[in-house]
Amino acid sequence: MSTSSNENTIFDFEVRKDEIDLAKSVPKLKGASNWRMWETQMFMMLRFNNPVYVQLIRDEIKMPPPPRLPSTQIHLVAVSEPCFSKRLRATKKSKLTLLQRLLKLAPSKLSLQIWSYASTAVMAKRSGKGLEKWEKANNRAFLQFVSTLEPHISSSLYDIINVRVAYLALRDLHWNPSRHATYLRFKKLVNLRYKRGDPHTFVARFKNVLGNYTAFVGDMAPLQELCHFKRAVVGNPRCRFFILNLTINEEDPDLMGQVYRDFVTAVRLHQMFSKPR
C-alpha cells in the first residue's frame, strides 16, 4: 500500500500483520499540556500502521452510503426480459453474478429497465463491501487511538465509536485556543488548593494544571510559577513549615525543581510528627 494517504481509498484497506502497539509507542495524552507532542506522534504511528487510519481522522475517506438495492423485483424483470429470464434458468450462479455478466453485454442488447437494474445492483454490492471495510478500518483506528489516552481522557469518549468524532471532541476540549478556553484554564490554576494527601501527587497535579494553561499562553517565569504554587499551598497548616523555611535563589536554573522537593519533604515531615503515638 502506498504511504501517501491521498492515493488510498477505503477499498485499498487491508489489515497489516506488522502493526505496532500505539499504547507502547505514543506518550499518553494528558491534556493541553502535551497535546502537540501527542498529536504529532499519534498521527505518525497511525500512518505507519495504515495510512487509511489517518485518512479517516482527517475526513479524507468518508463513510460509504448504505447499499440501496433497486426497488424493482428481480422476477418481474425476468418476466419482461426474455434474455434475462433464459439466462437465469440456465445458470446456477447467483442472480447478482448474472447481473454482472449482463452488464458486459452492449447496452443495445438489453432493455433500459434491466440495464438500470443490473447497474444499480452491482453498485449496491460494491457499496456494501466499502461500508464493511470502512467499519473495520474505523474500529481498528478507534481502538488504537484510544490506547494513546490517559484513563480520565478516554472516559470522556464513552459514547463515541467514530475515530474522527473522537479526535474532534478531544481537540475541542483540550486544544481550543479561544479566550474562553484560556480563561477556564487560568481559573482552574488560581483556584487549585492543596488540602490533604501525598504532597508529591499534588505537585504532579499542579504541574499538569499549570501546563494546560501555559500551553495556550506560553512558558511562565519561575517566579510567576512560584507565586501560583504558594497561593495553592499557603492556606494549609500542613504547609506552614514549608512556607516559613522557603528560600529563593533567583539565579538557580532549577529554582522550581528545588521548591517542589522542599515542599514534599516539609509536608511529609509534618505528617510524620503529627501522627499520634
Task: Flag if Val209 is buried (at least 17 other Cβ atoms within 10 Å of the Cβ), in contact (Cβ under 8 Å) with a residue 12 or more places away in the chain and part of a helix (DSSP H, G or I) - done: yes
TODO: Answer yes or no: is there a residue in segment 260-268 that is among the polar types (S, T, N, Q), outside any helix (DSSP H, G or I) and at pLDDT 90 or above.
DONE: no
TODO: Hey, can you tell me all the residues within segment 1-29 that are among the polar types (S, T, N, Q), modelled with pLDDT of 70 or more and in a helix (DSSP H, G or I)?
DONE: Ser25
TODO: Please state which one of Phe186, Phe241, Phe229 is over 34 Å from the mean Cα position of the chain (by Cα), farther than 30 Å from Val52 by Cα and not assigned by the TED database to the domain that holds Gly31.
DONE: Phe241
Open item on the list: If I ask for residues that are surrounded by fewer than 17 Cβ atoms within 10 Å (Cβ to Cβ) and over 36 Å from the mean Cα position of the chain (by Cα), which ones from segment 256-269 would you list?
Closed with: Gln258, Asp262, Thr265, Arg268, Leu269
TODO: Scan segment 129-140 and report the pairs whose first residue is surrounded by 14 or more Cβ atoms within 10 Å (Cβ to Cβ) and whose second residue is outside any helix (DSSP H, G or I), with Cβ atoms within less than 6 Å and a gap of 6+ or a chain change.
DONE: Gly130/Pro64; Leu131/Pro64; Lys133/Phe13; Trp134/Met63; Trp134/Pro64; Ala137/Phe13
TODO: Search segment 161-186 for residues being of a type in the set (Val, Ile, Thr) and in contact (Cβ under 8 Å) with a residue 12 or more places away in the chain, and hand back the single one that is nearest to Asp59 (Cα to Cα).
DONE: Val163
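The values are calculated or read from the model by the stated rules, or taken from the named source; none is laboratory data. It should be emphasised that the depicted structure is a prediction, and the values quoted were computed from it without experimental measurement. A quick note on method: Cβ atoms are made from the backbone with ideal geometry, for glycine too, and the neighbour counts reach across all protein chains shown.
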